[in-house]
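Written out below as structure tokens is the structure these notes cover.
The values are calculated or read from the model by the stated rules, or taken from the named source; none is laboratory data. Since this is a predicted model, take the numbers as computed values, not measurements. Cβ placement follows ideal geometry from the backbone for every residue including glycine, while neighbour counts extend to all protein chains displayed.
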């Protein structure tokens, strides 16, 4: 039982709003040992309150009730979102969570990344092949690059091609630049 275990063991609990509405969560809140261990609540993607809370996952819209059960003095909330717009969307979130002007700190940072450039390149090579010379420019330019292939299989073939091409340039090295090309999936 998550909430029984949470009374004494873990330092961090990751849950969705559905678990916070359960009878077991209510019991845990009434348990002094559990309640006294709570030191903060984080809510990422808080902008979903407006869309998901209205239809898809209605329990998102009930997070304000959870907030009311945990006094701010004892339990500060950290709300995160990269996409909350000012005006009605922001005001709606404040209303749903009971946030009043002057009772919260708002930190806005730009999502603009002028150092990031998005390039689209058409592949002339067959997508089912294992040679992609139109990507050779990546090896000659000395800047970080991220490639988003449509599948893990294609990612692996591009990765293998780039490694082979780099190795051909440095036949004297056993493993040329092992940290230069990486695959994440």
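In region 60-90, how many residues are part of a helix (DSSP H, G or I), surrounded by 12 or more Cβ atoms within 10 Å (Cβ to Cβ) and either modelled with pLDDT of 75 or more or over 20 Å from the mean Cα position of the chain (by Cα) (or both)?
The initial filter retains those residues of region 60-90 that are part of a helix (DSSP H, G or I), namely 60-69, 88-90.
Those still in the list that are surrounded by 12 or more Cβ atoms within 10 Å (Cβ to Cβ) too: 60-67, 69, 89-90.
From what's left, either modelled with pLDDT of 75 or more or over 20 Å from the mean Cα position of the chain (by Cα) (or both): 61-67, 69, 89-90.
Of the residues in region 60-90, 10 are part of a helix (DSSP H, G or I), surrounded by 12 or more Cβ atoms within 10 Å (Cβ to Cβ) and either modelled with pLDDT of 75 or more or over 20 Å from the mean Cα position of the chain (by Cα) (or both).
Considering 125, 151, which residue is at negative phi and either touching a residue at least 40 places away in the same chain (Cβ under 8 Å) or surrounded by 11 or more Cβ atoms within 10 Å (Cβ to Cβ) (or both)?
The conditions single out 125.
What do you reckon, is residue 99 surrounded by 15 or more Cβ atoms within 10 Å (Cβ to Cβ) and more than 28 Å from the chain's Cα centre (by Cα)? No; evaluated as a whole, the condition is false for this residue. Does residue 139 count as surrounded by 10 or more Cβ atoms within 10 Å (Cβ to Cβ) and free of Cβ contacts under 8 Å to residues at least 40 places away in the same chain? Spelling it out, residue 139 is indeed surrounded by 10 or more Cβ atoms within 10 Å (Cβ to Cβ) and free of Cβ contacts under 8 Å to residues at least 40 places away in the same chain. Residue pairs whose Cβ atoms lie under 7 Å apart, separated by 6 or more positions or on different chains, with the first residue in region 76-91 and over 17 Å from residue 64 (Cα atoms) and the second surrounded by 16 or more Cβ atoms within 10 Å (Cβ to Cβ), are 83/47; 84/46; 84/47; 84/90; 84/93.
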